Each structure stands twice: as structure tokens, then as C-alpha cells.
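Below is one structure, written out as C-alpha cells; comments come after it.
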Amino acid sequence: MRDQAFTDDFRAQFDLLLRLRRDVRRFRKDAIDEAVLTRCLDAFQLAPSVGLSEPWRVIRVESEVARDAALKNFQTANEQALQGYSGEKAHLYSQLKLSGMQDAPVQLAVFCDDATDKGQGLGAGTMPEMRRYSVVSAITLFWLTLRTEGLGLGWVSILDPEQMAHDLNVPENWRLIGYFCVGWPEVQSDTPELQQAGWEYREDKLPIEVR
Ligand SMILES: Cc1cc2nc3c(=O)[nH]c(=O)nc-3n(C[C@H](O)[C@H](O)[C@H](O)COP(=O)(O)O)c2cc1C
């Protein structure tokens, strides 16, 4: 393939994409065209992975039974999480919207296959967690690709991973990386929702230390 030079215009657009990515919890209920979704899921096949192990396992959660179980899982974990805060912080936490599971038209549970033979262990000997990091890097590409289509993704991690693995009846060595809500965002913003809510703030400088 010829060397591809990216243009200034592309760089500006890419910068905008990074700035407008957002974690989305508020979705319109409109369906997503299957062809668009497939284009976005193709990003997984372009992702880096340790030893080229491609350990991501994606389950599309569609049935009412499976969605109800996932929602109950989140609600239980979220109630427990609230117990970990007190005073004003607890009040603020209770006001946060931390999943779009009741609205998102597409929902995915993404696992890492910790026992995959693919890649033959290369790069994961001393740090087997590299397989899970590979799944996270693939999700990031998927996230950005969705955004190019105007779609949003919301990452839900307030869950009992064992319960989710049980409810979806996945193989024993699959570890939950996250539950993902995908849909059309209600709003577009360049500011994280947690920042807008006064929970936490984005640093404006990268803390780099030199040794
Ligand atoms: C590993 C991971 C887990 C997350 N889990 C949740 C979650 O359970 N619920 C939620 O509302 N947001 C979750 N988020 C989204 C973060 O809150 C969000 O990325 C952060 O506040 C910055 O906002 P932004 O993504 O819009 O820039 C998660 C993000 C990551 C990367």
C-alpha cells in the first residue's frame, strides 16, 4: 500500500472527533441501521492486540430476558455503590445517570477470552492482563468509529461481572470488560457529563514525569 499522507484538514477533523467523543447515557430510541452498525463493529478487526490474539468476544444483548437481567445487575451494583458515599457526595451520586440501558437500541456485552490460543501466548506471558487491555483498545476504536457516524457509546462498568457472565451463559474463561449502550445521543457536547454534573474535572495538562 502507498504511504498515505493525512491532510491538515483531516487532522483538524480528527481532533474534533476526539473532543466530541463523549460517554453517552442519554439516547433517542430510534433504531440503528444494521449496515451502519456493522461498519462500526468492523473497527474491532482493525484493532491492536497482544500477539495478534484478538481476544475480544462480543455478545449482542437483544432478548427481553437478557436485557432485564443486565439492567437488574446494574441497578443492584449502583445501589451498592451509592452506599459507599455519604453526605453531599452521596446526594450528588444519586443524581447521576450512569447508564442508558433503558433506552439504548443496541446493547453489547464485551468479554475477553483469557484462554484463547490465538497469538500462542506471545506478549502475554509475564502480563496476561495484556489480553484484556487489547479488548479495551479495540473498544476505543469502536467508540471513535461510532462517533464518526453520529452515534454514541456509553460504557457501563457498575456491574457484577460474574453475574453477567452467568446470565449470558458465556464460557468459563471469558471475563467481562464492559457493557456498552449504543445509540443516537440526545445531545452533543465537548464536556464530559460527570464534569457538567460537578462530580469530577478533566485535567488540562498531561502530568508527564521525566527520569
Ligand atoms: C473503563 C470505563 C468504565 C466506565 N464506566 C462507566 C459507568 O459504569 N457508567 C458511566 O456512566 N460511565 C462510565 N464510564 C464513562 C466515564 O465516566 C467517562 O469516560 C468520563 O467521565 C469522561 O467522560 P467522556 O468519556 O465523555 O470524555 C466509563 C469509562 C471507562 C473508560
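Based on the alpha-carbon gyration tensor of the range 104-171 and its eigenvalue square roots a ≥ b ≥ c, which shape applies: rounded if a/c is under 1.5, prolate if not and a/b is larger than b/c, or oblate?
On the way: a/c = 2.49, a/b = 1.34, b/c = 1.86.
In terms of gyration-tensor shape, oblate.
May I ask for the net charge around Val61, where only other residues with Cβ less than 11 Å from the Cβ of Val61 are counted and Lys, Arg are +1 while Asp, Glu are -1? Let's see the in-between values first.
Values: positive: Arg60, Arg67; negative: Glu62, Glu64, Asp68, Asp167.
Local charge sum for Val61: -2.
Cα to Cα, under 24 Å, and not fewer than 8 places away if on the same chain: which lysines meet these conditions relative to Lys89?
List returned: Lys72, Lys97.
When a/c reaches 1.5 or more, the comparison of a/b and b/c decides; with that in mind, is the range 23-188 rounded, prolate or oblate per its Cα gyration tensor? Could the numbers behind the result be given before it?
Numbers: a/c = 1.76, a/b = 1.27, b/c = 1.39.
Taking the square roots of the gyration eigenvalues as a ≥ b ≥ c, the range 23-188 is oblate.
So for the pair Asp8, Gln195, with labels modelled 7 Å out along Cα→Cβ, what separation do we get in nm?
Result for the modelled spin labels: 2.7 nm.
May I ask for the net charge around Gly154, where only other residues with Cβ less than 11 Å from the Cβ of Gly154 are counted and Lys, Arg are +1 while Asp, Glu are -1?
On the way: positive: Arg22, Arg25, Arg26, Lys97; negative: Asp23, Asp103, Glu193.
Net charge in that neighbourhood comes out at +1.
Please compute the modelled spin-label separation between His91 and Glu172, points set 7 Å along Cα→Cβ, answer in nm with one decimal.
That separation, rounded to one decimal, is 5.0 nm.
Within the chain, which complete DSSP H helices have Cα atoms spanning at least 15 Å along the helix axis and a mean Kyte-Doolittle hydropathy of 0.5 or higher?
Numbers: long enough: 8-19 (16 Å, -0.35); 64-83 (29 Å, -0.68); 130-148 (27 Å, 0.60).
Span-like helices here: 130-148.
Between Glu162 and Glu203, what is the label-to-label distance in nm when each label sits 7 Å out along the Cα-to-Cβ direction?
It is 3.4 nm.
For the chain, calculate the relative contact order in percent as a whole number, restricting contacts to Cα pairs under 8 Å that are 6 or more residues apart.
Values: 312 pairs, mean separation 74.3, N = 211.
The normalised contact order for the chain reaches 35 percent.
Only Lys, Arg, Asp and Glu count, each charged at its Cβ (+1, +1, -1, -1), so figure out the dipole size of the range 23-188 about its Cα centre, rounded to 20 debye. Can you show the working numbers first?
Numbers: 16 positive and 22 negative charges, 74 e Å.
So the dipole magnitude of the range 23-188 works out to roughly 360 debye.
Roughly how many Å is it from the Cα centre of the range 108-133 to that of the range 142-207, as a whole number?
21 Å
Please report the net charge: other residues with Cβ closer than 12 Å to the Cβ of Val187, K and R +1, D and E -1. Before the final figure, lay out the partial values.
Working: positive: Arg22, Arg25, Arg26, Arg28; negative: Glu186, Asp190, Glu193.
Neighbour charge sum, excluding Val187 itself: +1.
No lab work stands behind these numbers, since they all come straight from the coordinates. The structure presented is a predicted model; accordingly, all values stated were derived computationally and were not measured. When we count neighbours, we look across all protein chains shown, and the Cβ atoms used for this are built from the backbone with ideal geometry, even at glycine.
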